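> Got a structure for you, written out below as structure tokens; questions coming shortly.
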Amino acid sequence: MRKKWIGAFAALAFLAILIPISPLFVSPGGKHHEQQQAKTRVLSAREEHLLKEADVKHDMDATSQLCASQCSKDIGKLFSLADRPSADKERGMKKLIAMHPQMLRLEWMQKDKASISAGSMPKSGEARLKASIQAAKKGVEAGSRYQSPIVEADGQRYMVLGIPAYGGGEGVLGIIRQDIVGQVQRHQMRNLRLVPYPAEGHYRVESVHAGTGREMTVRTGEDNGASSHYHVQEVVVRFRSHPGPGELARIRRDIGAVSENKMNSTFIFRSRSMDAMKMMGYFRKKWNPVYVEPHYLYITNDRPLENKAGSGARALVDETAAQPIIPNDRLYSDYQWNLPSIEAELGWNLSKGSDAVKVAVLDTGVQADHPDLTGKLEPGTNIVTSGSKPDDDVGHGTHVTGIIAATVNNGEGVAGLTWYNKIMPVKVLDSSGAGSTYSVAQGLIWATDHGAKVINMSLGNYASAEFLHDAIKYAYDRDVVLIAASGNDNTDRPGYPAAYPEVFAVASTDSKGQKSSFSNFGDYIDVAAPGDSIASTYPGSQYAALSGTSMASPHVAALAALIRSRNPDLTNVQVMDIMRRTAIDLGAKGKDSYFGYGQIDIDKALREAGKTAQPLQAFPEQVKGRLQRITDKFKNSAR
């Protein structure tokens with residue numbers, strides 16, 4: 001793999017102007033991490049908190065630079081109007097502002113002519129922006145690009161850009177509102193569990209110690225690592241036989257039911273007068289169900305070798321002579337350390353994906369009209385609000401989707417791991433980033449029934465819900481590859497759905513190939529993947545850098561999609577086995593609790609997938625290994 005230093009921001013190709021150097025993104029460099037033994041140790045709560053705060057700050061800074069780079073490129077496109085009348089220039093600036101609302105004001109400085117402006121100056125920040133605006137004007141006059149530090153005014157963040165045209169003396173000033181940085185800060189404070197999440201009372205929820213059911217109150221982010229959340233007046237009941245109309249009427253009277261939902265013989269009841277614990281006692285005593293449990297919440301944890309139309313044919317290539325494929329996406333070389341580190345650039349010689357293999361993303365939805373996701377989305381569904389589109393009102397789902405499928409080689413934004421695979425957005429988490437057992441289970445079944453070959457779940461809780469497990473088994477038995485994030489609490493407590501034996505569990509690594517400070521660990525971990533400051537798509541047609549096992553999981557989901565695209569004959573068990581066997585060992589030799597079998601290697605996995613048949617003599621060993629992994633995960637479930 002080619003060596004490169006991700007910290008140096010490259011020149012904007014359109015403007016031929018250097019972006020200031022920043023050490024925000026670091027590449028591991030060299031040929032992967034075969035010789036590296038990543039260091040891991042148990043962190044104290046204080047150390048973990050400080051490292052997570054540093055991760056949030058890092059993501060904020062990286063997002064700010066992503067915004068500056070993309071805005072500079074978009075502003076630079078205006079110079080195609082350099083020889084046009086002022087009215088055309090003004091229309092061009094207004095159109096750009098309409099497309100990118102974070103651009104508040106643009107001013108075109110013309111040689112020997114009056115300036116042209118579009119948009120409006122933020123009144124609250126005008127005085128504080130004055131010095132930066134003057135510096136930007138001087139830079140443009142001298143033919144130099146200018147980027148101001150972040151200016152804060154009345155709770156808003158702003159940046160001033162000065163982009164000179166060719167030859168200097170003329171150029172465009174931009175006042176950029178960086179709301180996205182604040183959004184990333186708030187999102188990551190929740191995502192990395194630095195604050196109690198979800199807040200008690202938002203859902204009318206209570207919290208319990210995972211595995212014991214003993215009530216507790218989550219007061220700090222650290223408490224999230226030992227808690228599960230459930231609806232205070234709802235329970236999930238699976239009956240041994242479907243209750244008849246008379247029996248249902250009796251249940252409704254007995255518990256004071258105000259609503260109910262059902263999937264086959266499994267019901268979710270909500271009571272106006274009984275709490276969850278009392279209802280659970282009632283059903284156990286009166287109805288002898290298969291199980292009754294709280295209604296848990298799950299929360300957030302970015303020439304083709306195949307036929308683009310998805311024929312599934314595998315091309316013959318000289319695998320020994322393959323050269324890295326370097327995408328031309330604007331932000332790729334400077335910001336996306338993650339893809340080269342898992343040998344995506346070599347792997348793309350073997351498979352770029354197929355639109356016949358669909359990946360369902362169970363999350364907060366997706367921005368359907370993001371320019372870097374054009375043509376990559378299948379019709380999805382909104383489980384949270386029936387009948388509505390699966391629009392992203394959080395940001396998490398759009399970011400996860402971009403990691404898998406952002407358009408590659410379009411000269412825009414970031415590159416996804418798959419070039420042709422389509423995403424099915426399934427909105428199972430609401431505007432707070434949380435969703436119920438019912439919504440996640442329903443999303444799993446919907447995605448399976450609508451043809452998903454891979455399902456990504458960057459969400460979790462510490463409660464093993466039988467209802468959710470039933471849905472997991474439904475998808476698994478229908479040959480779906482299920483991928484889930486392990487969680488962000490730096491704990492070895494098994495998180496679900498990742499710890500179910502049918503699910504492929506993913507931990508997070510940083511740019512040095514070490515365990516991310518926040519990443520959960522344990523015997524149930526299958527592999528690790530990059531999850532530290534990952535650049536991807538974000539709502540508002542923007543780009544952001546986020547950290548979390550939520551970001552690691554879609555790397556693995558994308559690999560599963562590439563494997564199934566290269567060899568459609570492989571079963572879900574075979575796909576998961578390939579990803580384990582071809583992972584690059586990190587940490588202690590062999591499988592360990594921090595990295596599982598190691599960090600994924602896309603090139604090695606796709607080489608293995610190209611072998612059309614597994615040797616017959618290897619079959620008993622594969623079965624033995626599969627049974628052992630199931631046994632290990634069930635042991636974790638029983639803790």
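The values are calculated or read from the model by the stated rules, or taken from the named source; none is laboratory data. Here the structure is a predicted model, which means the values were calculated and not measured. Backbone-built Cβ (ideal geometry, glycine too); neighbour counts: all protein chains shown. These area figures cover heavy atoms from the full protein model, side chains too; ligands, DNA and RNA do not enter into them. Shrake-Rupley method; radii C 1.70, N 1.55, O 1.52, S 1.80 Å.
> Which ones in segment 502-519 are open to solvent by less than 10 Å² (accessible area, probe 1.4 Å) and either modelled with pLDDT of 95 or more or in a strand (DSSP E or B) (or both)? Write out each step before concluding.
So in segment 502-519, the residues open to solvent by less than 10 Å² (accessible area, probe 1.4 Å) come out as 503-509, 513, 516, 518-519.
Within segment 502-519, VAL503, PHE504, ALA505, VAL506, ALA507, SER508, THR509 qualify.
> Moving on. Being at pLDDT below 90 and within 23 Å of ASP83 (Cβ to Cβ) is the requirement here; does ALA127 meet it?
Working: at pLDDT below 90: yes; within 23 Å of ASP83 (Cβ to Cβ): no.
Here the answer is no, as ALA127 does not meet what is asked.
> Within segment 476-499, which residues are surrounded by fewer than 24 Cβ atoms within 10 Å (Cβ to Cβ) and either touching a helix residue (DSSP H, G or I) at 6+ places or on another chain (Cβ under 6 Å) or assigned to a loop (DSSP other than H, G, I, E, B) (or both)? Walk me through how you get there before you give the answer.
The first filter runs over segment 476-499 and keeps only residues surrounded by fewer than 24 Cβ atoms within 10 Å (Cβ to Cβ), leaving 476-480, 491-493.
Correct list: ASP477, ARG478, ASP479, VAL480, THR491, ASP492, ARG493.
> Would you point out which residue out of TYR420, TYR438 is surrounded by 21 or more Cβ atoms within 10 Å (Cβ to Cβ) and either in a loop (DSSP other than H, G, I, E, B) or of a type in the set (Lys, Arg) (or both)? It would help to see each step written out before you state the result.
On the way: TYR438 fails: either in a loop (DSSP other than H, G, I, E, B) or of a type in the set (Lys, Arg) (or both).
Answer to the selection: TYR420.
> Please tell me if LEU444 is part of a helix (DSSP H, G or I) and either among the aromatic types (Phe, Trp, Tyr) or in contact with a Phe, Trp or Tyr (Cβ under 8 Å, 6 or more places away or on another chain) (or both).
Working: part of a helix (DSSP H, G or I): yes; either among the aromatic types (Phe, Trp, Tyr) or in contact with a Phe, Trp or Tyr (Cβ under 8 Å, 6 or more places away or on another chain) (or both): yes.
Criteria met by LEU444.
> Okay, moving on. Hey, does segment 580-590 have a residue that's assigned to a helix (DSSP H, G or I), modelled with pLDDT of 95 or more and surrounded by fewer than 20 Cβ atoms within 10 Å (Cβ to Cβ)? Steps first, answer last, please.
First pass over segment 580-590, keeping only residues assigned to a helix (DSSP H, G or I): 580-581.
When the remaining residues are screened for being modelled with pLDDT of 95 or more, the result is 580-581.
Then keep just the ones that are surrounded by fewer than 20 Cβ atoms within 10 Å (Cβ to Cβ); that gives 580-581.
There is at least one residue in segment 580-590 that is assigned to a helix (DSSP H, G or I), modelled with pLDDT of 95 or more and surrounded by fewer than 20 Cβ atoms within 10 Å (Cβ to Cβ).
> With the requirement that a residue be open to solvent by less than 20 Å² (accessible area, probe 1.4 Å) and either assigned to a loop (DSSP other than H, G, I, E, B) or closer than 12 Å to TYR158 by Cβ (or both), what does segment 111-132 give you?
The first filter runs over segment 111-132 and keeps only residues open to solvent by less than 20 Å² (accessible area, probe 1.4 Å), leaving 116, 118, 122, 125, 129, 132.
Matches in segment 111-132: PRO122, GLY125, LEU129, SER132.
> Continuing with this model, one more query. Quick check: is even one residue across segment 134-147 at pLDDT below 85 and not hydroxyl-bearing (Ser, Thr, Tyr)? Talk me through it step by step, then tell me what you get.
Our first condition is that a residue be at pLDDT below 85; within segment 134-147, this holds for none.
Among the residues of segment 134-147, not one is at pLDDT below 85 and not hydroxyl-bearing (Ser, Thr, Tyr), which makes the answer no.
> Go through segment 145-180 residue by residue and tally those that are surrounded by fewer than 20 Cβ atoms within 10 Å (Cβ to Cβ) and touching a Cys at 6+ places or on another chain (Cβ under 8 Å).
So the answer is 0.
> Just to be sure, is ALA405 modelled with pLDDT of 95 or more, in contact with a Lys or Arg (Cβ under 7 Å, 6 or more places away or on another chain) and surrounded by 24 or more Cβ atoms within 10 Å (Cβ to Cβ)?
On the way: modelled with pLDDT of 95 or more: yes; in contact with a Lys or Arg (Cβ under 7 Å, 6 or more places away or on another chain): yes; surrounded by 24 or more Cβ atoms within 10 Å (Cβ to Cβ): yes.
So ALA405 passes the test.
> Here is a follow-up. Does segment 377-389 contain any residue that is open to solvent by less than 20 Å² (accessible area, probe 1.4 Å) and not polar (S, T, N, Q)?
From segment 377-389, those open to solvent by less than 20 Å² (accessible area, probe 1.4 Å) are 382; that's our starting set.
Add one more test, that the residue is not polar (S, T, N, Q), and what stays is none.
No, that holds for no residue.
> Okay, moving on. Pick out the one residue from ALA535, ALA528, ALA544 that is of a type in the set (Gly, Ala, Ser), open to solvent by less than 10 Å² (accessible area, probe 1.4 Å) and under 21 Å from VAL575 (Cβ atoms).
Numbers: ALA535 fails: under 21 Å from VAL575 (Cβ atoms); ALA544 fails: under 21 Å from VAL575 (Cβ atoms).
Just a single option satisfies the conditions, and that option is ALA528.
> Continuing with the same structure: For the list (1) surrounded by fewer than 16 Cβ atoms within 10 Å (Cβ to Cβ); (2) at pLDDT below 60, I need the number of the one condition that ASP88 fails.
Going through (1) surrounded by fewer than 16 Cβ atoms within 10 Å (Cβ to Cβ); (2) at pLDDT below 60 one by one, ASP88 breaks only (2).
> Check whether at least one residue in segment 545-557 is outside any helix (DSSP H, G or I), modelled with pLDDT of 95 or more and not aliphatic (A, V, I, L, M), and report yes or no. Step through it out loud before you land on a result.
Step one: filter segment 545-557 for residues outside any helix (DSSP H, G or I), giving 545-548.
Those left that are additionally modelled with pLDDT of 95 or more: none.
So far as segment 545-557 goes, no, none of its residues is outside any helix (DSSP H, G or I), modelled with pLDDT of 95 or more and not aliphatic (A, V, I, L, M).
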